[in-house]
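The values are calculated or read from the model by the stated rules, or taken from the named source; none is laboratory data. It should be emphasised that the depicted structure is a prediction, and the values quoted were computed from it without experimental measurement. Cβ placement follows ideal geometry from the backbone for every residue including glycine, while neighbour counts extend to all protein chains displayed.
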Amino acid sequence: MGGLAEETSQRLVIFGITGDLARKMTFRALYRLERRHLLDAPILGVASDDITVEELVNRAAEAIRHSGEPFDEAVFGRLAERLSYLPGDVTDAALYEQLAEQVGTDQSCLYYLEMPPSLFGPIVEHLGRAGLLQRSRVAVEKPFGHDLASARDLNTRMRAVLREDQILRVDHFLGKQPVADLECLRFANTTLAELWDRHSIAEIHITMAENFGVEERGGFYDAVGALRDVVQNHLLQVLALVAMEPPVGAGDDDLNDKKAEVFRAMPAAEPVHYVRGQYCGYSEVPGVADGSQTETFVALRLQIENWRWAGVPIFLRAGKALPERVTEVRLFTRRVPALAFMPHRERAQRNQIVLRIDPDPGLRLQLVAQDDQNAQAWRDVHLDSSFAHDLGEPIQPYERLLHAAIVGDRRLFAREDSIEETWRIVAPLLEHPGEVHPYERGSWGPEAAQALVRGHRSWQQPWLPANGRSR
Ligand code: BG6
């Protein structure tokens, strides 16, 4: 770790502060950090809208109230005091001259680009030319390219003016509590650590189901599809944390090195183990092209060819307009031998370990017990922990990530080598996508997704929160 990596930013500069992400996530995250007394820097918003700082403050208040966060006037007052606003065109050098006047070139800033990726390059180049990057970091939101070549191009452009340790690539899944905690959960608990390899685990399933469609995001989504939208980034990042070896130190690169090793051990995905689906009615969504072949559902099989996981199939599925909103990682243990003490030497069902990421994060251990009424039958027993219940209210993903970005903790951000590896892994699926199967809204995707797991554990009904609410 260099000096910069540990330096807390003296100022936060948010490009695109009048946009959707700020309204939905950033203001709330900043407010929560303010409440926890973790903000100590002025915040400058930059955007093209011609508004006053008072208007920006009003928008922030509205966004926070709308988020359902209990609104404390005193906390908000402190946050409002920090806010200032600079309107301008991010492609115009004049904006950066003004920025340099306001910020000064010797400050360590966190520039958070809540902007379309096509503007990342131009913005960092302008910042560089204005001398604003020496001691600063730049955080960017996904997508990082739309394939390997474009990800490399984007990186080359950013690296021309920034060092790797100055770039924070935000993948908000890395800020979700159960994902951020995977390292501890896995390695601080012998019970899990000792089971976590091909000797005990037979299969891994990851499901990311959403019970809503593309709605008003048709224009964006149709050019992207489910594989690029959530698999190449979110689900593969989660898989790396599920599969990695223990990091050898607490430095930023120690964790990212282990994640990168997982990706490097993964052969590219094979189109024969890839199923795409599109929910009925998708093509009527505004912004979606007539006859669009974009997938809103994917199921695929992956492998990790290393000593820990060789021979353990990994199945991922993700989709919109499915019956529930739930994201989980499910590990199936190997079966125990036939039980000679049972009447017919019955085989017991496999145990399952389920980490629920959303909603209501938690851990389930599924065991089997003998049915009292029928000595030859098994009953499932669930040992469940809801983290909110057992550990208290979690830190929100953007709250965690913004704080990490401000203090320069890069462990929660995706490193370039991992991003390029993940594009390499999905590349054959992008090149040979195959047909897209229609599926009914509210179903678990096309029939072909069932065929993908034939001969393996079938897709399980995900573990849903006890209150039955999935949204
Ligand atoms: C985004 C995708 O990155 O993640 C969306 O673009 C998806 O399509 C969203 O709905 C899911 O995030 P979360 O935090 O709501 O599970």
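Can SER84 be described as away from the ligand (no atom under 16 Å from the Cβ) and either more than 17 Å from ALA22 (Cα to Cα) or buried (at least 18 other Cβ atoms within 10 Å of the Cβ) (or both)?
Against the criterion (away from the ligand (no atom under 16 Å from the Cβ) and either more than 17 Å from ALA22 (Cα to Cα) or buried (at least 18 other Cβ atoms within 10 Å of the Cβ) (or both)), SER84 does not qualify.
What tally of residues in region 319-342 results from selecting those that are in contact with a Gly (Cβ under 9 Å, 6 or more places away or on another chain), within 14 Å of the ligand (Cβ to nearest atom) and not small (Gly, Ala, Ser)?
Of the residues in region 319-342, 2 are in contact with a Gly (Cβ under 9 Å, 6 or more places away or on another chain), within 14 Å of the ligand (Cβ to nearest atom) and not small (Gly, Ala, Ser).
Identify, please: which residue in region 24-62 is buried (at least 18 other Cβ atoms within 10 Å of the Cβ) and basic (Lys, Arg) and is, among those, nearest to TYR112 (Cα to Cα)?
Applying the filter and picking the extreme gives ARG28.
Restricted to region 191-215, and to residues that are surrounded by fewer than 24 Cβ atoms within 10 Å (Cβ to Cβ), within 12 Å of the ligand (Cβ to nearest atom) and not in a loop (DSSP other than H, G, I, E, B), which residue is farthest from the chain's Cα centre (by Cα)?
For region 191-215, the residue satisfying everything is GLU215.
One line per residue, one yes/no per condition, for (1) among the aromatic types (Phe, Trp, Tyr); (2) touching a residue at least 12 places away in the same chain (Cβ under 8 Å); (3) outside any helix (DSSP H, G or I):
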| position | (1), (2), (3) |
| --- | --- |
| VAL231 | no, yes, no |
| LEU236 | no, yes, no |
| ALA260 | no, yes, no |
| PRO286 | no, yes, yes |
| GLY291 | no, no, yes |
| GLU295 | no, yes, yes |
| ALA299 | no, yes, yes |
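Could you please tell me which pairs satisfy a Cβ distance under 6 Å, a separation of 6+ or placement on different chains, a first residue in region 46-74 that is touching a residue at least 12 places away in the same chain (Cβ under 8 Å), and a second residue that is in a loop (DSSP other than H, G, I, E, B) and surrounded by 14 or more Cβ atoms within 10 Å (Cβ to Cβ)?
ALA47/GLY16; ALA47/ILE17; ALA47/THR18; ASP49/THR18
Would region 445-463 turn up any residue that is within 16 Å of the ligand (Cβ to nearest atom) and in contact with a Phe, Trp or Tyr (Cβ under 6 Å, 6 or more places away or on another chain)?
yes
Just name the residue that is farthest from the ligand (Cβ to nearest atom) out of those in region 220-277 that are closer than 30 Å to ALA289 by Cα, of a type in the set (Asp, Glu) and surrounded by 18 or more Cβ atoms within 10 Å (Cβ to Cβ).
ASP222
With the structure loaded, tell me whether VAL329 is β-branched (Val, Ile, Thr), at pLDDT below 95 and on the phi < 0 side of the Ramachandran plot or whether it fails that test.
no
Quick one: which residue in ARG364, ARG345, ARG356 is modelled with pLDDT of 95 or more, away from the ligand (no atom under 16 Å from the Cβ) and of a type in the set (Lys, Arg)?
Result: ARG364 is the single residue among ARG364, ARG345, ARG356 that is modelled with pLDDT of 95 or more, away from the ligand (no atom under 16 Å from the Cβ) and of a type in the set (Lys, Arg).
Tell me, which strands (runs of 3 or more DSSP E) lie completely within region 352-461 with 3 or more residues that are under 25 Å from LYS259 (Cβ atoms)?
Filter on region 352-461 gives 352-358, 362-370.
Just one of the numbered conditions (1) acidic (Asp, Glu); (2) over 18 Å from SER443 (Cα atoms); (3) in a strand (DSSP E or B) is not true of GLU328; which one?
With respect to (1) acidic (Asp, Glu); (2) over 18 Å from SER443 (Cα atoms); (3) in a strand (DSSP E or B), GLU328 is out only on (2).
Do the conditions hold for LEU38, that is, is it under 22 Å from GLN166 (Cα atoms), under 24 Å from the mean Cα position of the chain (by Cα), at pLDDT 95 or above and part of a loop (DSSP other than H, G, I, E, B)?
yes
Any idea which residue in region 373-397 is farthest from LYS176 (Cα to Cα), counting only those that are surrounded by 11 or more Cβ atoms within 10 Å (Cβ to Cβ) and of a type in the set (Asp, Glu)?
ASP380
Looking at region 87-130, which of its residues are of a type in the set (Val, Ile, Thr) and not in a helix (DSSP H, G or I)?
Hits for region 87-130 are VAL90, THR91, THR105.
Filter region 144-168 down to the residues that are assigned to a loop (DSSP other than H, G, I, E, B) and either surrounded by fewer than 20 Cβ atoms within 10 Å (Cβ to Cβ) or without any contact (Cβ under 8 Å) to a residue 24 or more places away in the chain (or both) and list them by number.
Residues satisfying the conditions are GLY145, HIS146, ASP147, ALA160, VAL161, LEU162, ARG163.
In the list LEU133, LEU83, which residue meets the criterion of being more than 20 Å from ARG415 (Cα to Cα) and among the hydrophobic types (A, V, I, L, M, F, W, C)?
Selected residue: LEU83, the only one of LEU133, LEU83 that is more than 20 Å from ARG415 (Cα to Cα) and among the hydrophobic types (A, V, I, L, M, F, W, C).
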